[in-house]
1. Quick check on segment 390-402: of everything there that is part of a helix (DSSP H, G or I) and under 19 Å from the mean Cα position of the chain (by Cα), which residue is nearest to MET374 (Cα to Cα)?
2. Out of the residues in segment 86-141 meeting the condition of being surrounded by fewer than 15 Cβ atoms within 10 Å (Cβ to Cβ), of a type in the set (A, V, I, L, M, F, W, C) and at pLDDT below 95, tell me which one is nearest to LYS20 (Cα to Cα).
3. Please count how many residues of segment 10-36 are over 22 Å from the mean Cα position of the chain (by Cα) and either surrounded by fewer than 22 Cβ atoms within 10 Å (Cβ to Cβ) or not aliphatic (A, V, I, L, M) (or both).
4. Scan segment 46-59 and give yes if some residue there is buried (at least 19 other Cβ atoms within 10 Å of the Cβ), in the same structural domain as ILE144 (by TED's automatic domain parsing), more than 21 Å from the chain's Cα centre (by Cα) and at pLDDT below 95, otherwise no.
5. Of the conditions (1) more than 29 Å from PRO183 (Cβ to Cβ); (2) at pLDDT 90 or above, GLN83 fails just one. Which one is it?
6. Scan segment 165-184 for residues that are over 11 Å from SER31 (Cα atoms) and either of a type outside the set (Phe, Trp, Tyr) or modelled with pLDDT under 90 (or both) and jot them down.
7. Here is a check on your reading of the model: is LEU310 assigned to a strand (DSSP E or B) and not small (Gly, Ala, Ser)?
8. Give all pairs with beta carbons closer than 8 Å in which a residue from segment 117-143 that is on the phi > 0 side of the Ramachandran plot meets a residue that is of a type in the set (D, E, K, R); count only pairs at least 6 apart in sequence or on separate chains.
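The values are calculated or read from the model by the stated rules, or taken from the named source; none is laboratory data. This one's a predicted model, so the numbers in the text were calculated from it and none came from an experiment. With ideal geometry, Cβ positions are generated from the backbone for all residues, glycine too; neighbour counts draw on all protein chains shown.
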Amino acid sequence: MSTFNLTYNSKLYKANNSHKRYVIHQGGTGSGKTFSALQYLVNYAVLNQGVVISIVSESVPHFKRGALRDLKRILSLSEATTQFTHNKTDHTFKIGSSLIEFFSADAEAKLRGARRDILFINECNNIDYEAFQQLDVRTRRQTILDFNPVRRFWVHDHLLPTLHADEHLFIKSTYVDNNHLSPQEKQNIERRRTNLNWWKVYGEGEIGMAEGVVFSNWTIIGPTPTLPIVEGDGEIVPNTTKQSFPLMGGLRGAVGNLLGYGIDFGFTHSPTALVQIHECNGELYIHELLYRTGMQNDELFAFAQKHINLRALTVADSAEPKTIDYLYRKGWHGLKAATKGSDSVEFGINLLLDRKLNITAESVNLIKELRQYMWDTNKDGHFIRRPIKDFDHAIDAIRYVVTYPKKRKLFFV
């Protein structure tokens, strides 16, 4: 078997092909580190028959919308899709006697299961050190790690200090290293230069400050099999019920009160985000129903008609009165415009900071927002109590619901 005809990022591909026991990619957004690792693994599986390669992410939704989708794209671009046998149930790909498998770090049996030849942990900063150790000790030849350096974590504090120089390669990359990015994609990254901490992490690939993220009062829960899931390619897995979803976290299947749905409209550059919010014992349980660009109003209504209760409260971005009116006339009778004012953003954030936020594992885009939603900085680089208007589409949708209707209250810091 031969390698596939694809253009590679030579810097990153050479790093993966260095034959080092550990290859550690610290990089900014758009650097191509994940895509390059997957290209290398595909070729390795082809040229080294009989190998087992494990690709691991923090959750099944995470790898389905990330590394798994990228692998499918690589096979499609290289016209190699038909050469691989894809088992959609087990999330595996076979070519000859080689196997590429995907699984999540929250699968205990997999962590302590069979051995493998190569391990790739995508966004390893989202899994704990114990999970890494369980996976790495069962890996024969090579472990590849990639991450955005939001803050120091176990790679810097526990792994790197134990490695000898001849057994590992540590490589930093940024969007500048990726010659496959379009000018528009590069401009979209560079327009965030004024956000100093974000730019340090995602623009320059350097370790950021632990402080500055707005929300730390949230946790991931799941799975929630009765909820509708919208895949990254737009495929909708139907929901069998439009009722309240079972709450997690040891609540024994209790069903909380539905506070409502929140929607933030978008189209070309910003996604339309729709979330479902429940309340139980003072905590909020939030599920991302939709997060997609390019949606026409009729498509949005058809989705809502199929997946939510159109008479239940849905609070929408008040900047789109024509859209709200159109959808209401179509039959979305629970749709209301959000209440906004000069302090509405900070007021909503304060209300959310007062609660514990439980986010379903399927809410991949919301989780990404929560990890990147940050306070702005002044000219001296000090944080100020005003969030940066970015990575906030699903968060805004949540905020619309929790502030509707609420009386303003004084907040002292």
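1. Step one: filter segment 390-402 for residues part of a helix (DSSP H, G or I), giving 393-402.
So of that shortlist, the ones also under 19 Å from the mean Cα position of the chain (by Cα) come out as 393-398.
Working: HIS393: 13, ALA394: 14, ILE395: 12, ASP396: 13, ALA397: 17, ILE398: 16 Å.
Per the stated criteria, the residue is ILE395.
2. ALA114
3. If we filter segment 10-36 for residues that are over 22 Å from the mean Cα position of the chain (by Cα), which is where we start, we get 10-23.
Subsequent filtering for residues that are either surrounded by fewer than 22 Cβ atoms within 10 Å (Cβ to Cβ) or not aliphatic (A, V, I, L, M) (or both) retains 10-11, 13-14, 16-22.
Residues meeting the conditions: 11.
4. Of the residues in segment 46-59, the ones buried (at least 19 other Cβ atoms within 10 Å of the Cβ) are 46, 51-59.
From the residues that got through so far, the ones that are in the same structural domain as ILE144 (by TED's automatic domain parsing) too are 46, 51-59.
The next check asks that each one be more than 21 Å from the chain's Cα centre (by Cα); those that pass are 46, 51-53.
Pick out the ones that are also at pLDDT below 95 and you get 46.
For segment 46-59, residues buried (at least 19 other Cβ atoms within 10 Å of the Cβ), in the same structural domain as ILE144 (by TED's automatic domain parsing), more than 21 Å from the chain's Cα centre (by Cα) and at pLDDT below 95: present.
5. The failed condition is (2).
6. Let us first name the residues in segment 165-184 that are over 11 Å from SER31 (Cα atoms), namely 165-171, 182-184.
Selection gives ALA165, ASP166, GLU167, HIS168, LEU169, ILE171, SER182, PRO183, GLN184.
7. Details: assigned to a strand (DSSP E or B): no; not small (Gly, Ala, Ser): yes.
Here the answer is no, as LEU310 does not meet what is asked.
8. So the pair list comes out as GLU123/GLU58; GLU123/ASP146.
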